[in-house]
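Quick note: the coordinates plus some simple rules give every number you see, no bench work behind them. Just so we're clear, the structure is a prediction, and the values are computed from it rather than from any experiment. Note that we place each Cβ from the backbone using ideal geometry, even for glycine, and neighbour counts take in every protein chain shown.
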Amino acid sequence: MSLLYYFGMLTISGMHEGKTKLTIPNLVVQEQLYTYLLNTYNEAELSFSSYEKGDGNEGM
């Protein structure tokens, strides 16, 4: 996550439950990230329904 922050892909927008809250700073970066993620999912033949959301992303 620190690299995404360092390269300007995420910005600090405050605190949530004692942790730093990072957000996508603008629509241009949002489009870049979503396009990259969708292409990666398609290349790996994954779908969003096969991804289970959980607390595992906190370790990233």
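At a glance:
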read-out	value
Residue list for the stretch 16-33, filter: in a helix (DSSP H, G or I) and within 17 Å of residue 3 (Cα to Cα)	29, 30, 32, 33
Subset tally (residues that are surrounded by 12 or more Cβ atoms within 10 Å (Cβ to Cβ) and part of a helix (DSSP H, G or I)) for the stretch 1-15	2
